[in-house]
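*Asks:* Take this structure, written in structure tokens, and hold onto it; I'll ask about it next.
The values are calculated or read from the model by the stated rules, or taken from the named source; none is laboratory data. Since the model is a prediction, treat every value here as computed from it, not as a measurement. Cβ placement follows ideal geometry from the backbone for every residue including glycine, while neighbour counts extend to all protein chains displayed.
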Amino acid sequence: MTDKLIPKGFRKLDVSDDFVGLIGPLWFKAEGERLRVGLPLEPRHGNPMGWAHGGLLVTVADMVMGAGSGHATGIRWPHPTVSLSTEFVRGARLGQWLEGSARIARSRTADGIASTCSVATSPGRIAFTVIPCAAFSLASVLVATGVFKVPDVDKIPEAVRARVMGRWGDP
């Protein structure tokens, strides 16, 4: 059932994060400067009321902004979360597609990258959307902002450095 929820053109987002592996896999689609990251909402993602667990929404928002920061910098290596703020607006039902993309609000190489995203819903589909929400006509579910540290390329292990340079979706 969940395979039917994954939109055409999305590929598995390969991250070496055991915690994220517990909720995933996550899926991505690169569209130029924009990176879309999504997840089909399954029963394991829910609370006893049949809604997506708030902790899941925050985790996905964190991954959307972290991966989006990596896409923006061209470094597909963890961009650690320095700060993250979220506000829940409404619930997200299980059995829907959850999707987000981050907007880079500010970029300072020394301090990191500030990202924003919001979670919104439409019939049968849920999305984290870029702020402002021009591409979608959806009702917000969650709004998040965060600051992410840009990794020092020289500290990325040499054995993987060449593989993690570039944007998501690059060969």
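*Asks:* Quick one: in the stretch 71-99, of everything that is closer than 26 Å to D3 by Cβ and out of contact with any helix residue (DSSP H, G or I) (no Cβ under 8 Å at 6 or more places or on another chain), which residue is surrounded by the most Cβ atoms within 10 Å (Cβ to Cβ)? Write out each step before concluding.
*Replies:* Keep residues of the stretch 71-99 that are closer than 26 Å to D3 by Cβ, which gives 71, 76, 91-99.
In the following step, the residues that additionally are out of contact with any helix residue (DSSP H, G or I) (no Cβ under 8 Å at 6 or more places or on another chain) were identified as 71, 91, 93, 99.
On the way: H71: 27, G91: 17, R93: 14, E99: 25.
The extreme case among them is H71.
*Asks:* I'm trying to understand the selection: among the residues of the stretch 31-53, which are out of contact with any His (no Cβ under 7 Å at 6 or more places or on another chain) and assigned to a strand (DSSP E or B)?
*Replies:* Keep residues of the stretch 31-53 that are out of contact with any His (no Cβ under 7 Å at 6 or more places or on another chain), which gives 31-34, 36-44, 48-51.
Of everything in the stretch 31-53, those that are out of contact with any His (no Cβ under 7 Å at 6 or more places or on another chain) and assigned to a strand (DSSP E or B) turn out to be E31, R34, R36, V37, G38, L39, P40, W51.
*Asks:* Please state which of the following conditions G46 fails to meet, knowing it meets all the rest: (1) modelled with pLDDT under 90; (2) among the small types (G, A, S); (3) within 22 Å of V143 (Cα to Cα).
*Replies:* Every listed condition holds for G46 apart from (1).
*Asks:* Of everything in the stretch 91-128, what is at pLDDT below 55 and among the charged types (D, E, K, R)? Give them in sequence order.
*Replies:* D111, R125
*Asks:* Next question. Which of the residues belonging to the stretch 59-90 are outside any strand (DSSP E or B), at pLDDT 85 or above and more than 10 Å from the chain's Cα centre (by Cα)?
*Replies:* In the first step, residues of the stretch 59-90 are kept if they are outside any strand (DSSP E or B); the result is 59-74, 76-80, 89-90.
Adding the requirement that they be at pLDDT 85 or above leaves 59-74, 76-80.
G70, H71, A72, T73, G74, R76, W77, P78, H79, P80 - these are the residues of the stretch 59-90 that are outside any strand (DSSP E or B), at pLDDT 85 or above and more than 10 Å from the chain's Cα centre (by Cα).
*Asks:* Residue check, L56 against (1) touching a helix residue (DSSP H, G or I) at 6+ places or on another chain (Cβ under 6 Å); (2) assigned to a strand (DSSP E or B), all met but one. Which one?
*Replies:* That leaves (2) as the condition not met.
*Asks:* Cβ-Cβ below 6 Å, separation at least six or inter-chain, first residue in the stretch 159-171 and touching a residue at least 60 places away in the same chain (Cβ under 8 Å), second assigned to a helix (DSSP H, G or I) and surrounded by 15 or more Cβ atoms within 10 Å (Cβ to Cβ): which pairs?
*Replies:* R167/H71; W168/H71
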